[in-house]
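What follows is calculated from the coordinates using simple rules that are stated; it is not laboratory data. Since the structure is predicted, the reported quantities are computational estimates derived from the model, not experimental observations.
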Amino acid sequence: QVQLVESGGGLVQPGGSLRLSCATSGIMFRIYAMGWYRQSPGKQRELVARISSGGDTNYADYVKGRFTISRDGAKTTVYLQMNSLKPEDTAVYYCKIEGTNTWGQGTQVTVSS
């Protein structure tokens, strides 16, 4: 059974940092690209960052230079390090197995003073 479990969300002040984790099980992690997406109330879900099976990354323009996606094959986990957080980063963050319709349950990130 394929499972994606996100963690690491929470409440942080503007300018702060969080690291999200997405622990996977039931998949051949090493062969899949993985993505982080986010969705704010009233908005469509949007891509934040993607990492290929080989470690190549790409980012949405609005997070470039602030967020870093990475993956650990031994732990079959993908991470999203988020720095210099802004109120507009507030959203539910989801991880996804790229090329499939398999999503995690999401983790809430709230950036507020």
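Numbers below:
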| read-out | value |
| --- | --- |
| Gyration tensor (Cα) of the range 58-101, equivalent ellipsoid semi-axes in angstrom | 21, 13, 10 |
| Set of lysines with alpha-carbon distance to Lys75 below 28 Å, sequence-local pairs under 8 removed | Lys64, Lys96 |
| Gaussian network model of the chain, Cα within-10 Å springs - most flexible of Asn83, Asn58, Asn101 | Asn101 |
| Dmax and Rg, reported as Rg then Dmax, of the range 9-104 (C-alpha, Å) | 12.9, 37 |
| Fluctuation leader among Tyr62, Tyr93, Tyr32 - the chain, Gaussian network, Cα springs under 10 angstrom | Tyr62 |
